[in-house]
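J.: There's a structure below that I have some questions on.
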Amino acid sequence: MSLPSVETARATMLSAIVPLAAQAVSLTEADGCWLAEPVTAGRDQPPYDASAMDGWAVRGADVRPGARLKIIGESAAGHNAGVSLQPGQAARIFTGAALPAGGDRVVIQEEAARDGETVVLAAAPDAPAWVRPQGCDFRAGAVLLEAGTRLNPWRLALAASAGRATVTCRRRPVVALLSTGDELVAPGTPAGPHQIYDACAPALAAFVRRCGGTVVHLGPARDDDASILAAIDAGAFDLLVTVGGASVGDHDRVKPAVRSVGGSLSVEGVAVRPGKPVWFALLADGRPLLGLPGNPASALVCAELFLWPLIAALQGGSTNLAPDRARLHGPLAPNGPREHYMRAIIEPDADGVRRVRPMTDQDSSLVTVMAAANGLLRRLPGADGLADGAEVEVLVPIR
Ligand SMILES: Nc1nc2c(c(=O)[nH]1)N[C@H]1C(S)=C(S)[C@@H](COP(=O)(O)OP(=O)(O)OC[C@H]3O[C@@H](n4cnc5c(N)ncnc54)[C@H](O)[C@@H]3O)O[C@H]1N2
Ligand code: MOO
C-alpha cells in the first residue's frame, strides 16, 4: 500500500480541525496568537500635531536667519501649552509634545539660542519642519490588524497604541502528551537496566509551548490497552499527542487501543523519513489525536511537519512551512522513496554563503545528532544525487 505524501497527510489532518472558541486575551498574553477579529483604531495617532524634537515651536513664516522671537510658553509631552502663537512668537517644546495653535514648525534647540525672554534662531536653521501631523501613523476607524494576523511584539505595539488592553483571539489549545512504552521512565526517576529515559515528552512540551499551546503530561503509559486508555480518559485536552507504539510490532498498542474506544484513523503512515509510522485520528468525541513515532528524531521532525500546523489550525491560524534554500556542503547520494528530512547544520561559510551540511548518521534514534543539528535538509522522494554547492531546500525548525 503506498503511503500519502507529507503534504497530503497534512491536508487530511488539517481538514479535521475545528478552531477553538474566540475570547478576549490580554495583550500581555497574546504574543503568538492569531487574531479572530480585526483591531481597529478608535482615534488618530498621534492624536495631535506633535513635535519630533526638543526645541522651539514657531510659525514657519517667522523662520529667517537670526530671527529673534518672543517666548510665550512651554509645551511638554502630556502637557498642553495652552497658548496660541502670534507672528514673532515662539514656545519652548519637547519631543512628543503638542504643537501650540498657530505653530507649524519646530526649530531644534541646537539651531537656536535663548536670550532671556526671547530666542534667537541660527544663521541657517535646518530645513525639516520636525512636526508629526495628527494621524500620520494611523487614522480613527482604520483597520490596523486584520483578522487572521499572527501577533508578535511589533504588532502588539500597534494594538497597544490603539489603546487596546485585550484582543480577540482563539483560545490556546491544551495539548496532552502521552509517551508510551514499558521501557520508558521519566527523567529524574531511577531507571532499570532495560529502561531508558523519556526524551520525547520534555522535548515536545517545549515544542508545544513555542507553538502557543499549553501542555498536560499524561504519561508515560505502559504498552497495554488499559494503561493507554486510562491515561487518555484522565486527560482534559484539545489535542492529544501520543509518542511511540505507532509501528507494527506486537507491543505497538496505541492504535488498537484508540480504535477499541471508537477512534477513527484517517492517516496511518506517511511517506516521510524519519517518521513513517506517524498517524492521525479523531477520538469518539471528535477531539484530534496525532500519533508520533517513538524514535526521538522521528517524533520531533513530525512535530515540525504536523504538530505545529495542527496547533496553529486550532488557533485559527496557518503556518508557513515553505522551505528555504541553502547550498549543499559536499555531495549527496540519491534519495530513497520517502521525502527525507535530514538533520543538518546550516551556517554561512567563509564567504558568507549559506551552506547546509547533513549529519553523517541519520539514524532516527540518535539524540546526539539531533542536538548538534540546527535545521533540516529536505529531499523529495527519488531525488537525484547532488554535487557540492547544489541549491537545496532547508527547513529551519520553529523558534
Ligand atoms: N518491522 C518494522 N519495524 C519498524 C518499522 C516498520 O515499518 N516495520 N518502522 C520503524 C520506524 S520507521 C520507526 S520510526 C519506529 C517507530 O516505532 P514506534 O512508533 O512504534 O515506537 P516504539 O517502537 O515505541 O519506539 C521506537 C524506538 O524509540 C524509543 N522511544 C519510544 N518512545 C520514546 C521516548 N518517549 N523517548 C525516547 N525514546 C523513545 C523506543 O525505545 C524504541 O527504541 O519503528 C520502526 N520499526
Ligand atoms: O521513520 Mo523511522 O522514523 O525512519 O525511524
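J.: Please count how many residues of segment 83-104 are under 46 Å from the mean Cα position of the chain (by Cα) and open to solvent by 40 Å² or more (accessible area, probe 1.4 Å).
T.: Residues that pass the stated criteria total 5.
J.: Considering segment 1-35 alone, what residues qualify as being among the aliphatic types (A, V, I, L, M) and not in a loop (DSSP other than H, G, I, E, B)?
T.: Within segment 1-35, V6, A9, A11, M13, L14, A22, A24, V25, L27, L35 qualify.
J.: Going through segment 1-41 one residue at a time, which ones are closer than 9 Å to C169 by Cα and out of contact with any Asp or Glu (no Cβ under 9 Å at 6 or more places or on another chain)?
T.: A21, Q23, A24, V25, A30, C33, W34, A36, E37, listed by residue number.
J.: Let me ask something else. Determine the pairs where a residue that is assigned by TED's automatic domain parsing to the domain that holds G245, located within segment 271-289, has a partner that is charged (D, E, K, R) and open to solvent by 20 Å² or more (accessible area, probe 1.4 Å) with Cβ atoms under 7 Å apart, the partner being 6 or more residues away or on another chain.
T.: That search, which allows pairs on different chains as well, returns A271/R338; V272/R338; R273/R338; K276/R338; W279/K255; W279/E268; R287/D238.
J.: Could you count how many residues in segment 240-253 are among the hydroxyl-bearing types (S, T, Y) and open to solvent by less than 40 Å² (accessible area, probe 1.4 Å)? Can you show your working first?
T.: Filtering segment 240-253 down to residues among the hydroxyl-bearing types (S, T, Y) leaves 242, 247.
If we keep only those that are open to solvent by less than 40 Å² (accessible area, probe 1.4 Å) as well, we get 242.
So the answer is 1.
J.: Then there is this: I'm trying to understand the selection: among the residues of segment 226-236, which are of a type in the set (A, V, I, L, M, F, W, C), surrounded by fewer than 18 Cβ atoms within 10 Å (Cβ to Cβ) and farther than 19 Å from L310 by Cα?
T.: If the condition is that a residue be of a type in the set (A, V, I, L, M, F, W, C), surrounded by fewer than 18 Cβ atoms within 10 Å (Cβ to Cβ) and farther than 19 Å from L310 by Cα, then A226, L229, A230, A234 are the ones that fit.
J.: While we're here: Would you mention how many residues in segment 226-246 are of a type in the set (D, E) and under 21 Å from A299 (Cα atoms)?
T.: Adding up the residues that qualify gives 1.
J.: Counting only residues that are surrounded by fewer than 23 Cβ atoms within 10 Å (Cβ to Cβ), among the β-branched types (V, I, T) and within 21 Å of the chain's Cα centre (by Cα), which one in segment 175-215 is nearest to ligand 1 (Cβ to nearest atom)?
T.: Here the residue is V215.
J.: Would you say R171 is at pLDDT below 95 and under 25 Å from the mean Cα position of the chain (by Cα)?
T.: yes
Okay, residues lined up against (1) buried (at least 17 other Cβ atoms within 10 Å of the Cβ); (2) among the small types (G, A, S):
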position	(1), (2)
L3	yes, no
V6	yes, no
T12	no, no
P19	no, no
A22	yes, yes
L27	no, no
G32	yes, yes
A36	yes, yes
R43	no, no
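J.: To continue, here is another question. Being within 16 Å of ligand 2 (Cβ to nearest atom), open to solvent by less than 10 Å² (accessible area, probe 1.4 Å) and not hydroxyl-bearing (S, T, Y) narrows it down to one residue among G336, G269; which is it?
T.: Just a single option satisfies the conditions, and that option is G269.
J.: Which numbered condition in (1) modelled with pLDDT of 95 or more; (2) surrounded by 13 or more Cβ atoms within 10 Å (Cβ to Cβ); (3) polar (S, T, N, Q) is the only one that T368 fails?
T.: So the condition that T368 fails would be (2).
J.: Could I ask something else about it? Would you mention how many residues in segment 304-333 are more than 16 Å from ligand 2 (Cβ to nearest atom), of a type outside the set (K, R), outside any loop (DSSP other than H, G, I, E, B) and at pLDDT 95 or above? Full working, then the answer.
T.: First, the residues of segment 304-333 that are more than 16 Å from ligand 2 (Cβ to nearest atom): 308-333.
Filter again for of a type outside the set (K, R), leaving 308-324, 326, 328-333.
Next cut, outside any loop (DSSP other than H, G, I, E, B) only: 308-314, 324, 326, 328, 332.
Now drop any that are not at pLDDT 95 or above, which leaves 308-314, 326, 328, 332.
Of the residues in that region, 10 qualify.
J.: Right, next: Mind listing just one residue for me: the one in segment 216-239 that is in a helix (DSSP H, G or I) and of a type in the set (A, V, I, L, M) and, of those, nearest to the chain's Cα centre (by Cα)?
T.: The residue in question is I232.
J.: Pick from segment 379-396 the residues that are farther than 18 Å from Q362 by Cα and hydrophobic (A, V, I, L, M, F, W, C): which of them is surrounded by the most Cβ atoms within 10 Å (Cβ to Cβ)?
T.: Per the stated criteria, the residue is A390.
J.: Can you tell me which of (1) within 16 Å of ligand 2 (Cβ to nearest atom); (2) modelled with pLDDT under 95; (3) not basic (K, R) is the one P293 doesn't meet?
T.: Result: P293 fails condition (2) only.
J.: Further question: Scan V353, V270 and give me the residue that is more than 25 Å from S227 (Cβ to Cβ) and either within 16 Å of ligand 1 (Cβ to nearest atom) or among the small types (G, A, S) (or both).
T.: V270
Residue-by-condition table, conditions (1) open to solvent by 10 Å² or more (accessible area, probe 1.4 Å); (2) within 14 Å of ligand 1 (Cβ to nearest atom); (3) out of contact with any Ser or Thr (no Cβ under 7 Å at 6 or more places or on another chain):
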site: D224; (1), (2), (3): yes, yes, yes
site: D238; (1), (2), (3): yes, no, yes
site: K255; (1), (2), (3): yes, yes, yes
site: G275; (1), (2), (3): no, yes, no
site: V278; (1), (2), (3): no, yes, yes
site: L282; (1), (2), (3): yes, no, no
site: N295; (1), (2), (3): yes, yes, no
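J.: How many of the residues making up segment 98-147 are polar (S, T, N, Q) and either in contact with a Cys (Cβ under 8 Å, 6 or more places away or on another chain) or over 30 Å from E37 (Cβ atoms) (or both)?
T.: Total satisfying the criteria: 2.
J.: Moving to a separate point now. Run D361 past the list (1) in contact with a Pro (Cβ under 8 Å, 6 or more places away or on another chain); (2) within 14 Å of ligand 2 (Cβ to nearest atom) and report the number of the one that doesn't hold.
T.: (1) is the only condition that D361 fails.
J.: Hey, M342 hits all of (1) in contact (Cβ under 8 Å) with a residue 60 or more places away in the chain; (2) part of a strand (DSSP E or B); (3) of a type in the set (A, V, I, L, M, F, W, C) but one; which does it fall short on?
T.: Condition not satisfied by M342: (1).
The values are calculated or read from the model by the stated rules, or taken from the named source; none is laboratory data. From a predicted model like this one, the values you see are computed outputs, not experimental measurements. A quick note on method: Cβ atoms are made from the backbone with ideal geometry, for glycine too, and the neighbour counts reach across all protein chains shown. Each accessible area value is taken on the protein alone, full model and side chains, heavy atoms only, with ligands, DNA and RNA left out. Shrake-Rupley method; radii C 1.70, N 1.55, O 1.52, S 1.80 Å.
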